[in-house]
Amino acid sequence: MTRLYLTILFSILASFSFAQKKEIATARDQVKSGKNLEAAEKSMLKLLDNPDNKHNEKIYRILNSSIQKQYEQLNEKIYLKQNVDSVAFFKTLQRAFNHAYRTDSIIPLERKNYEPFLQKYLPNLYAGGIYLLRKEKYADAYELLDTYIESRNHPIFANYIPEQRNLNSAAYRALSCGYRLNDFAKIVKHKEQALSFIPGKSVTLKYLAETYQKSDSTYSDYVKTLETGFEDFPCVEYFFTRIISYNMNERKVEKSLEIADRAISKCPNNQIYRYTKASILLNMERYEDCIEAADSTIAISKEIADCYYIAGIANVYLAEGLQKKAMKNKTAKQQMQAYYKAALPYFEEYRKREPNRKDKWGSPLYTIYLNLNKGKEFDEISKILKNG
């Protein structure tokens with residue numbers, strides 16, 4: 001290496017060192033004066049991009065001071081009821097924690113310079129996460145809540161533990177943010193903690209179920225989550241209807257009936273549960289029990305039109321089951337007629353409620369009118385069916 005080259009190299013290094021010292025000094029003055037704090041923060045972050053500065057305590061100290069002062073200035077403006085961008089306010093706090101954690105991972109001896117700040121404002125991460133969630137800033141809210149939750153594992157907070165209820169609440173809300181962002185990793189990261197937040201547990205299970213349902217690899221978790229949801233919240237229809245649907249698709253009809261009975265025992269006035277039981281019994285060809293279940297549903301509420309259809313068609317099936325026997329046996333014929341008579345008011349009520357569902361009430365009414373010798377009604381229904 002020539003002397004000239006060395007001279008030039010030393011000159012460059014000296015110039016760079018001088019420029020860096022000047023930049024550090026400028027940033028330090030900005031922090032002291034409380035002005036141009038964002039510029040001080042940016043200049044220190046730029047210096048840290050240089051690997052040679054990785055362990056430079058001065059840079060970290062100025063960096064942390066600059067962001068902490070920014071936050072405290074914004075905090076003072078809020079106290080004085082001045083206009084402040086709330087999102088920027090909480091994101092500034094987020095940066096303060098991020099810078100401090102970065103410093104702590106490299107130079108833990110610097111902890112004394114930011115530990116009091118972090119402990120003082122840790123609750124504001126939780127409050128900020130809730131605020132931003134309400135503002136539908138889900139990504140920003142998640143970052144604040146996630147940092148708050150993770151604080152329990154950081155050595156800075158070894159002697160400062162947030163309230164367990166707040167941690168559980170934060171986890172529930174972080175999961176909610178992940179759900180709205182459709183981000184699987186964010187949804188499941190704090191799920192166990194979120195499930196400990198009892199006021200939101202049913203919603204947490206619902207979000208987890210919907211998340212697991214989307215993928216074949218987590219479908220078994222979907223079923224387990226539905227089962228847990230039904231066990232813990234038997235009166236929440238979301239879990240009941242889906243666990244029934246799953247079992248019916250798997251042809252586990254007896255299990256579906258068992259679930260329906262358990263649900264009714266817990267929530268006896270739930271019309272959906274009783275209607276579902278009637279549908280299952282119809283599927284099982286237990287027609288007398290089906291009619292009884294449908295009638296019990298109607299007695300509670302007349303809102304579900306299909307209850308009339310189920311009760312009516314069960315009577316029709318009972319009647320059809322006696323057709324061959326009725327041709328030779330008078331008693332069987334009378335019983336068959338009785339079933340058709342019993343079916344008639346159900347179908348007439350169903351037709352009144354669902355006039356456009358000719359595909360469901362047309363043929364049964366045709367059969368009923370024919371067997372009951374109701375000429376006028378039979379002619380009318382014949383024309384309806386003939387016209388499509």
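The values are calculated or read from the model by the stated rules, or taken from the named source; none is laboratory data. Small disclaimer: the values here were computed from a predicted structure and weren't measured. So basically every Cβ, Gly included, is an ideal-geometry build from the backbone, and we count neighbours across all protein chains shown. We work out accessible area using only protein heavy atoms, side chains counted, and drop any ligands, DNA or RNA first. Shrake-Rupley method; radii C 1.70, N 1.55, O 1.52, S 1.80 Å.
One table, with the values for the structure above:
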{"read-out": "Long pairs among Lys54/Lys77; Lys81/Lys137; Lys135/Lys302; Lys81/Lys120; Lys206/Lys302, criterion Cα-Cα beyond 31 Å", "value": "Lys54/Lys77; Lys135/Lys302"}
{"read-out": "Gain on full stretching of the segment that runs from Arg251 to Asn356 - 0.36 nm per residue minus C-alpha separation", "value": "34.7 nm"}
{"read-out": "Unpartnered cysteines - no second Cys beta carbon under 4.7 Å - across the chain", "value": "Cys177, Cys290, Cys307"}
{"read-out": "Length-normalised contact order for the stretch 164-298 - Cα pairs under 8 Å, 6+ apart - percent", "value": "13 percent"}
{"read-out": "Between the stretch 198-247 and the stretch 262-291, the Cα center-to-center distance that results, in Å", "value": "21 Å"}
{"read-out": "Trypsin sites (Lys or Arg not before Pro) restricted to DSSP loop in the stretch 234-281 with at most 10 other C-beta within 10 Å", "value": "Arg251"}
{"read-out": "Options Ile368, Asn283, Ala263, ranked by Cα towards positive dipole end of the stretch 232-377, top entry (Cβ charges)", "value": "Ile368"}
{"read-out": "Percent RCO, i.e. relative contact order, over the chain, from Cα pairs under 8 Å lying at least 6 residues apart", "value": "6 percent"}
{"read-out": "Cleavage-rule hits, trypsin sites (Lys or Arg not before Pro), the stretch 293-330, DSSP coil, Cβ neighbours within 10 Å at most 15", "value": "Lys302, Lys328"}
{"read-out": "Candidate values [x] 123, 47, 43; [y] 116, 61, 41; [z] 59, 57, 57, label of the one derived for Cα extents along the principal axes in Å", "value": "[x]"}
{"read-out": "Relative contact order, percent, the stretch 20-74 [alpha-carbon distance under 8 Å, six or more residues apart]", "value": "38 percent"}
{"read-out": "Global form of the stretch 298-388, assessed from the alpha-carbon gyration tensor, a/c cut-off 1.5", "value": "oblate"}
{"read-out": "Gyration tensor (Cα) of the stretch 267-327, equivalent ellipsoid semi-axes in angstrom", "value": "24, 10, 8"}
{"read-out": "Accessible area of the chain divided out per residue, in Å², using a probe of 1.4 angstrom", "value": "56 Å²"}
{"read-out": "Part-to-part distance (alpha-carbon centres) for the stretch 32-79 and the stretch 332-376, which is given in Å", "value": "82 Å"}
{"read-out": "Structure-based [θ]222 nm, the chain - -39500 (n - 2.57) summed over DSSP H runs of at least 4, per residue, nearest 500", "value": "-25000 deg cm²/dmol"}
{"read-out": "GluC sites (Glu not before Pro) restricted to the stretch 201-295 and DSSP loop, no more than 16 other C-beta within 10 Å", "value": "Glu250, Glu285"}
{"read-out": "Label-to-label distance, nm, for residues given as Gln164 and Leu385 (7 Å Cα→Cβ offset)", "value": "6.8 nm"}
{"read-out": "Accessible area of the chain belonging to carbon and sulfur atoms, whole % at 1.4 Å probe", "value": "50 percent"}
{"read-out": "Table column - 3J(HN,Hα) (Hz), the stretch 334-344, Karplus curve with 6.51, -1.76, 1.60, x for Gly and Pro", "value": "5, 5, 4, 4, 5, 5, 5, 5, 5, 6, 4"}
